[in-house]
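Remarks on the structure that follows.
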Amino acid sequence: MTLSAAIRSTWGVRLTKIGAVLLFALGWELFPHLGILTSNTFPPLSKAITTIFSDHAFAKHALTSIGRAYGGLATAILIGFPLGLLLGGWFNRVQQALEPLMELFGQANPVILSHIVVLFFGIGTGTQLFVISWLSIWPIAFSAINGVRSVDPQILKMAASLGLGRWQLFTTIILPSAAPSIITGLRLSAGYAFIMLIAAELMGASTGLGYVMATSAETGDMNSLAAAALIVTILALSTDLILKQAGKRIVVWRYQGGVN
């Protein structure tokens, strides 16, 4: 494929994605006006946007939710990333022994166990961060394990024969090779973080976009409900886009400055 053909293909994919988003937004706006959807239960996109900018409290709720979502995601990274690297590389037998337990933990929904969670952490920020971080830990941990275990053993043997120590093997061989898998797990965890954000803010929160969605549903304020849902969607998609671009840069670094 020539360079010009590759550029045309890339722009074609981008324009297709942009067109899909615009088509969705157009449908959201027109369907309630045309009566295909009931505007009382599904307000047009323009009303959701107007509600966001007319109610200054949305900025406070959005910032609160961003702090909770990113706080839970950061906690998941601090736990899941080193856990996955250690079990995937240095303690392989321990990983095999703990794998069934980790699979069980990964399937355990903290919302279902909300009464137990509240009993341990109380009603407040601790519970919300736990709910968000719990499900976000495991995609990072498992992706790190799989990334480390996918490194070619022959490359490690050759590098070790050249005198590379354990730390040098980790920084120059293992980490660059595992980076694409880790980024994939991180993107999954970020998606989980924003999904669990809504559930976490239903557990005793008095601020946040999840709280707005819950109270709006109770009072029938569909404009505020749609506005809060729109902000959560934009935040989640923006975070995923940032991680996706970071992943592309890491792959370039992998072949240019990492594994040659």
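The values are calculated or read from the model by the stated rules, or taken from the named source; none is laboratory data. Bear in mind the structure is a predicted one, so any value in this text is a computation, not a measurement. Counting neighbours? That spans all protein chains shown, and the Cβs are built from the backbone with ideal geometry, glycine included.
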Can you pull out every residue in the stretch 129-181 that is surrounded by fewer than 19 Cβ atoms within 10 Å (Cβ to Cβ) and of a type in the set (A, V, I, L, M)? I155, L156, M158, A159, A160, L162, L164, L169
Kindly evaluate T207 against the criterion of being in a helix (DSSP H, G or I) and of a type in the set (V, I, T). no
Which residue pairs have Cβ atoms closer than 6 Å, lie 6 or more positions apart in sequence or on different chains, and pair a first residue in the stretch 182-194 that is free of Cβ contacts under 8 Å to residues at least 24 places away in the same chain and in a helix (DSSP H, G or I) with a second residue that is acidic (D, E) and surrounded by fewer than 21 Cβ atoms within 10 Å (Cβ to Cβ)? none
The one condition A214 fails out of (1) in contact (Cβ under 8 Å) with a residue 40 or more places away in the chain; (2) in a helix (DSSP H, G or I); (3) of a type in the set (A, V, I, L, M) is (1)
For residues in the stretch 22-75 being at pLDDT below 85 and among the β-branched types (V, I, T), which is farthest from L129 (Cα to Cα)? I36
May I ask you to verify whether L237 is surrounded by fewer than 17 Cβ atoms within 10 Å (Cβ to Cβ), of a type outside the set (S, T, N, Q) and in a helix (DSSP H, G or I)? yes
Whichever residue in the stretch 161-218 is within 30 Å of G124 (Cβ to Cβ) and β-branched (V, I, T) and, among such residues, is farthest from the chain's Cα centre (by Cα): T215
Tell me whether the stretch 211-226 contains one or more residues that are surrounded by fewer than 14 Cβ atoms within 10 Å (Cβ to Cβ) and either of a type in the set (D, E, K, R) or outside the structural domain of Q128 (by TED's automatic domain parsing) (or both). yes
